Structure formats: structure tokens, C-alpha cells
Amino acid sequence: MMLRIGAAFGRSLFVLLESEGPPCGPACGASILGKVIGGRFAMVVGPDFSTSVNEEHYEEVDRLLKSAFPTDAEARLVRQLRTDGDMLFESRKPWNGKTGGYFALSRMYAPEGWACLAPMAVRPEWQGGRLAERNPHMAVGGPKDEMYRSPWRFGTRMLQELAAIYEIPLERLPANVPKTIVVLGKPSFYGRYGFSWQRAQKLKSPYPLESTLILRCGDDVPEAELVYPRALSDL
């Protein structure tokens, strides 16, 4: 059995874990698998595996971003990142033929090899695991049971998959995986998925460090100046 935990970065990388021999050993593989499935029902229910975004998905992604945010700023950001050639990777998590969740990774101008996570969105009507309430196959627990709802949280599943990649030892990561992913957001939320506020506190950034988190292998506290893509700087 093989479980895809991450889709392509730069259209070419797929991180695969094989149950009989994961790249970081059986113990690490079990830990990653536990994070990816995100709940006891996740092997049999919930959104499909994340896939890369192709041109055929652009209009649907645009509609998703416009519906998930109060303005069209995020939709314009994504279009500009593509135009500028700064889009590193776009991921979508589908269900029943529709895109339920989306995130973009753009190329940081500095440090080299770093990426920025923005934007990230979930279809409003599917946020908070609400899709589970309407699924006739999910009778166990009821809609107020968090274990029942958890596998249907699109944002949670996508961040778990992303974080699992960085549990693989650094020397085993393919060269085109970003060394570090930067996100601007609430530490109380992103901190659940491997992003660290503490490890970002020696960075120099045009944005507040109290809202800056990083995801990377190891436990070091890097010192560097963050230079965001032009589209993000102009937002």
C-alpha cells in the first residue's frame, strides 16, 4: 500500500510513503501516517488526497477564493503570482468533483530556497467539518462529535499533509522541496501543524514577527532577512 502525503512542488515532486519501507524508517513512517489520516475515520472517509492545480482548475480556484474571503484580494494575489512566475506550487483537495480546499506556495526572494504559504482557503459551506453533517455514510458520533467531524476538515487535512513532509529527515528530502515554509497567521492555529512562532523570532521581516511562523526540519532558530514575492509585498 502507498499513501501520497504531498503533491508536486514545481510540477515534478511527489513524496510517497510505502507502508513496508518509508524513507525515514518504520517508526517515522507510522508517525507521519498518523498525522496524515488525522482521525480514525480518515482512511475511509473525508476529502480525497491533495493534488496539484492545473490551468483547468484556475476558474474554480478563483471562485473559491472570492467566496472564502470578503474581497477579491486573494484571488488577485494568486493571479499575480502566476503572472510574475513566483508561484512555486498550488494544491487543491477535492471531494465529489469539487475543490474543497486550496493553498498556494510562492517563492520567497530571500532566503534562497524558502517559500511562503498564502493564501489558503476552504469552501465556506464546507468549513468546520460541516460537510460531515450531510454525509449519509457518517452516522457514527453525530455532527457535534469532534472525532466525527475532524476527517472532514479540509484545511486541517492539507496542513497535516504538508507538515508530514518535514518530518522526513532533511538529508532525505528531495532537493526541490522548499527548505522552509513561512506563513503569516495565528500561532494558535498554525502551531498545531508544525509551524513554529518561536523559531521565527530571529528573522528580519517587513511584517510583525508575532504573526510569523516557519515550518522546516530540525529545531534550529534561523537568522535571515525575509523578502517576499512582489505580489505579496504589494498586497
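The values are calculated or read from the model by the stated rules, or taken from the named source; none is laboratory data. Computed from a predicted model, the values in this text were never measured in an experiment. Heads up, the Cβs are rebuilt from the backbone with ideal geometry, glycines too, and the neighbour counts pull from every protein chain shown. All accessible areas refer to the heavy atoms of the entire protein, side chains included, with ligands and DNA or RNA removed. Shrake-Rupley method; radii C 1.70, N 1.55, O 1.52, S 1.80 Å.
Within the accessible area of the stretch 60-129, what % is carbon and sulfur when the probe is 1.4 Å and the other protein chains stay in place? That fraction is 48 percent. Take the stretch 145-235 with all the other protein chains still there, run a 1.4 Å probe, and you get 49 Å² of accessible area per residue.
Per residue, the average separation of C-alpha pairs within less than 8 Å and at least 6 apart gives the stretch 148-235 a relative contact order of 28 percent. Restricting the GluC sites (Glu not before Pro) of the stretch 156-214 to loop positions (DSSP other than H, G, I, E, B) with no more than 16 neighbouring Cβ atoms within 10 Å leaves 167.
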